[in-house]
Amino acid sequence: MFSYILRRLGALVVILFGSSFLLYNLSAISTDPLGDLRTSTAENKEYLILALTRELRLDLPPPLRYFIWLRGVLGIFTGNANFGLTREQEPVIEAIAGAIPTTIRLVAVATIVAIVLGIALGITSALRQYSRFDYGMTFFAFLLFSLPIFWVAVLLKQYLAIDFNDFLVTAKISPPWIIFFSALVGLFWATIISGSRRRVLMVFSGVFVANSIFLSFISATEWLSYPRLGPITIFIFSIGIAYAVTYLSVGLSDRAALKSNLLLALIGVIIYFPIQSLLDSNRPRVGILILLAALLISAVSVSFIFARIDRGPVIRTSVITSVLIGALILVDQMMQAWRPYVESDDVNYRPVATIGQSTIWLTEVSFWVRVLDFAMHLVLPTLALTLISFAGYVRFSRGTLLDVLNQDYIRTARAKGLTERTVIMRHAFRNTMIPLTTIMVGDVAGIVGGAIITERVFAWQGMGTLFNKAINSFDLNLLMGVILFLSTLAILANLIADLLYSALDPRIRVGAGK
Amino acid sequence: MARKRREVEIVNDANENAILNKETEGLSQGQIVLRRFIRHRAAMISVVVLFTLIAVVYTSLDWRLGDEKDPIVIPGWWKYGFEDMPELRYGADCVGDSIGCPTIDAVPFFDGDGIALGPHPFGQDDIGRDYLALVMRGAQRSLLVMFIIGAIAATLGTVIGSLAGYFRGWIDAILMRLVDFIITVPVIIIGSVIGFHFGNKGAAFLALLLGLFSWTGLSRLVRGEFLTLREREFVDASRVAGASNRRIIFKHILPNAVGVIIVSVTLLMSGAILLETALSYLGFGVTSPDVSLGLLISNYQDAFTTRPWLFWYPGIFIIIIALCINFIGDGLRDAFDPRQRRRLSRKEKANARAMANRSDLA
């Protein structure tokens, strides 16, 4: 295995060498940095052309220029890499290093949301094959597949930013909208639930009424203008999380897991009070760390208290629950920053941002307001990216799970009397994850590529912007820097996908030729 | 009692199976697949919609064949060509002082008139060109790009993926390094280089070159499928029975992998339209004076608040095309999958149940 990885890494260097040589020459031949100058009417035209030729070494043929560039890049092995300068005389490596965090922030959130939502809905869809929900989900996924990303972006800007910001000024939901939304949510759940017509109707009306009351409450208390979770809501949500995670992970029949998860929900609320002052102090990062550490430690200790034997699954479940509860407390913290954020002069009651990655001139504000600012700028681009890649996960996880469910060993599992939950979560879902992992890892590079367009639409200053700038200003050094980064990412992702595939599926022997 | 019910359930299951088996008695694999496909309602609707759309789109504009000076003109059903510039309607002709507003009236009775197309149903662009003609031309281009990319990528991806997955060893190593080589190069970069050099050579050529670079994802998927399938018992069985590599690949493994291939090819084809859109948006796709749906959207995305129709119509066409392709792919997947069971109609279910209950009494 080790020699296999070494061989692949060796191949990586060779491939990068080949593809960069090809691309360098292709780009060098197909672009003409002097084009603008030739047609210009400046008096010192000849001089300018000469100066640029000397600066970019245009007197040398492209292959030679490539090796000059390569000598600088190979310095990476001796510790002094030189990726050249951009046209603005900035080192390429610095330009890229400045852009990476922005792109990662954009891509990471979108990917995670897409994977979690996509797999959850895809699996539900497969379990309810040929139901109304399945048809609806299929249609929705295909609709998303068919949307050009900047077409969606323009729609999102109009309806989710401009119109939604207008709505937030009053934050009053009118009765027709309440009825509409509640009917929508009711329909969603009614299509998931299977059973007699009577049961479906019960579910629909139940959800409809509950949702209507909920929305009326939100509208009446102006919760959207003054959002806050508070300890009681957090406690209720935590109990919900405890039940849900336990059910999905080990089943409610595992009393030890259920007890430790419920106790965790209580511990979460108790921690909530002392942690507030720490989070509000001027060292909020320490507060976050302490919060998570406290939750994790209590997760492990409650598992040890309740579970005498077979502690592994219980610990796993508790850890998941504790992380989710921690996230709830942090979300509450961000909500407390909502008023100062919305009321600040620069935001001026228009919280959903359409352009840029942060409000640059937002100074002298607390840590949480800044975090909230990042979050509000992330909303639209993330939504656009998520909508596009989420459909793929829905379709793929549905397809794979259906394939797995038709296998004989699933029938065997059912026949020996295992509960449906165990069959689905343990026998079927885990095997579904094998092809899904490959797709996920392989997708990362693709999503970074997709971010190029998203960044342009929403005017983010990330890798995509660098790439566009490099192409449009014939900046070869910058272009090669970006390409080299993306290529390395793509190859590494592929290598990881291969290794994961063989690690997850013992039948697959990777790198074994004979 | 519960045990009794379970027995009835088992007999019921067997009866349902019997009903399904009876249907496929004496049919070839192809006939079964065709039957299943025809039964897939969404796919059949999509086939009808897509072919109607293709027919409408390709017959809308005049075809000029032969040499440019003296072409043979086959007239289309729409009166304007995409290069004609009729007078731009504005001011009093339009509602709300907009420029080149659409004249389509699809809502009868609401404003007194019936359904009417008017002179410019989809409106006009900045210089008066009829937007319906532009959208039709754009759809022609986008469909062409899509089919070329899909065909090339499907062929290359399947062949290369199966060879790598089946033979493993050095063939796999070489082919997969080739895949790595191409995957490392972002498609948008290839597109922009190609567009810079060959943008004037037309959409078909652009699509051809793009197709040569978009098979990699599919080949990896096919390879993965082959890696799993080749270790399965039925492959061992056929090898022991003396089947050749070719026969094992095409007769035994490929039919089992065909679902994966078809689903990803359809995704690839709808992705091809979006790729073309993206390239046009960046300025490296189909270039003016030719039009594509992507180019139309990117030209008029800023006009959304004032003249939304310039933004909506090309987008709707893209969505319809991509949706149909995806649904057809879904239908094909279900049809090809040998393990897929059809959902019985209520009547058939009742039959099976009645039979099961009767056997229970006896």
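With contacts taken as Cα pairs under 8 Å at a separation of at least 6 residues, chain A carries a relative contact order of 23 percent. Give me the log10 of I(q) over I(0) for segment A:59-218 at q = 0.09, 0.15, 0.21 Å⁻¹, as the Debye formula computes it from C-alpha points; what are the numbers? One equal scatterer on each Cα of segment A:59-218 leads to -0.60, -1.07, -1.35. Cβ-to-Cβ counts within 10 Å put A:Asp332, A:Asp32, B:Asp130 in ascending order as A:Asp32, A:Asp332, B:Asp130, the fewest first. Can you give me the relative contact order of segment A:400-491 as a percent, contacts being Cα pairs under 8 Å and 6 or more apart? Answer for segment A:400-491 is 21 percent.
What is the ratio of the Cα radius of gyration of the protein assembly as shown to 2.2 N^0.38 Å, with N the residue count, to two decimals? Scaled against compact globular proteins, the figure is 1.04.
Segment B:219-233 and segment A:1-79 have Cα centres lying 39 Å from one another.
Think of it this way: in the protein assembly as shown, B:Cys324 stand alone, with no other Cys Cβ under 4.7 Å. Counting every other Cβ atom within 10 Å of each residue's Cβ, A:Arg38, A:Arg414 order from fewest to most as A:Arg38, A:Arg414.
What helices does chain A hold that run 24 Å or longer along their axis, going by alpha-carbon atoms, with a Kyte-Doolittle average of -1.0 or more, using DSSP H for the helix calls? The qualifying helices are A:2-30, A:92-127, A:175-192, A:197-220, A:230-249, A:255-280, A:284-306, A:311-336, A:367-405, A:429-457, A:476-504. Anything over 29 Å Cα to Cα? Flag those among A:Lys157/B:Lys201; B:Lys69/B:Lys201; A:Lys416/B:Lys251, in the order listed. Result: A:Lys157/B:Lys201; A:Lys416/B:Lys251 exceed 29 Å. Applying both filters, DSSP loop and at most 14 other Cβ atoms within 10 Å, to the trypsin sites (Lys or Arg not before Pro) of segment A:122-208 gives A:Lys172. Does a label point 7 Å from the Cα of A:Leu296, set along Cα-to-beta-carbon, have any residues of segment A:87-128 with amide nitrogen under 12 Å, and which are they? Zone members listed by number: none at all. A crude spin-label estimate for the pair B:Leu34 and A:Tyr409, with each label 7 Å from Cα along the Cβ direction, gives 3.8 nm.
Loop sites only, by DSSP: take the GluC sites (Glu not before Pro) in chain A that have at most 14 other C-beta atoms within 10 Å and name the longest stretch containing none of them. For GluC sites (Glu not before Pro) (loop position, at most 14 other Cβ atoms within 10 Å), the longest site-free span of chain A is A:365-514. For the pair A:Ala108 and A:Leu266, label points projected 7 Å from Cα toward Cβ lie 3.6 nm apart. If R₀ is 41 angstrom, what is the calculated FRET efficiency for the pair B:Phe250 and B:Trp63, using the beta carbon separation as r and rounding to 0.05? So the FRET efficiency works out to roughly 0.55. Dipole size of the protein assembly as shown about its Cα centre, with +1 on Lys/Arg Cβ and -1 on Asp/Glu Cβ: approximately 4680 debye, rounded to the nearest 20. Three principal axis extents describe the C-alpha atoms of segment B:150-302; from largest down they are 63, 27, 23 Å. Each of B:Lys22, B:Lys201 has some number of other Cβ atoms within 10 Å of its Cβ, and from fewest to most they run B:Lys22, B:Lys201. Ellipsoid fit via the Cα gyration tensor, segment A:1-151: semi-axes of 46, 25, 15 Å, each the root of five times an eigenvalue, largest first.
If R0 equals 56 Å, the separation of the Cβ atoms of A:Asp32 and B:Glu231 corresponds to a calculated FRET efficiency of about 0.55. Annotation: lysines with alpha-carbon distance below 23 angstrom to B:Lys349 (same-chain offsets under eight excluded): B:Lys4, B:Lys22. The mean of 1/r over all pairs of different alpha-carbon atoms in segment B:18-103, once inverted, gives a Kirkwood hydrodynamic radius of 18.2 Å. For segment A:76-163, the C-alpha radius of gyration divided by 2.2 N^0.38 Å, with N the number of residues, is 1.74. Segment A:Arg507..A:Gln461, full-extension length gain: 12.1 nm, with 0.36 nm per residue of separation and the alpha-carbon distance subtracted. Put +1 on the Cβ of every Lys and Arg and -1 on every Asp and Glu Cβ in chain A; which of A:Val444, A:Val203, A:Ile275 then has its Cα farthest towards the positive end of the dipole? Comparing the listed Cα positions along the dipole, A:Val203 ranks first. Over chain A, the ratio between the Cα radius of gyration and 2.2 N^0.38 Å evaluates to 1.16. Taking square-rooted eigenvalues a ≥ b ≥ c of the alpha carbon gyration tensor, is segment A:142-237 rounded, prolate or oblate, where a/c under 1.5 means rounded and, failing that, a/b exceeding b/c means prolate? Oblate is the answer for segment A:142-237, as a/c is 1.5 or above yet b/c matches or exceeds a/b. Think of the protein assembly as shown as having a plus end and a minus end, set by charges on the Cβ of Lys, Arg, Asp and Glu; of A:Ile239, B:Thr59, B:Leu208, A:Ile239 sits farthest toward the positive end of this dipole. Using label points projected 7 Å from each Cα along Cα→Cβ, tell me how many nm separate A:Ser253 and A:Trp223, to one decimal. Result: 3.6 nm between the two label points. Along its principal axes, segment A:270-427 has C-alpha extents of 66, 43, 17 angstrom, given from the largest down.
No lab work stands behind these numbers, since they all come straight from the coordinates. Keep in mind that this is a model prediction, so the values were computed, not measured. So basically every Cβ, Gly included, is an ideal-geometry build from the backbone, and we count neighbours across all protein chains shown.
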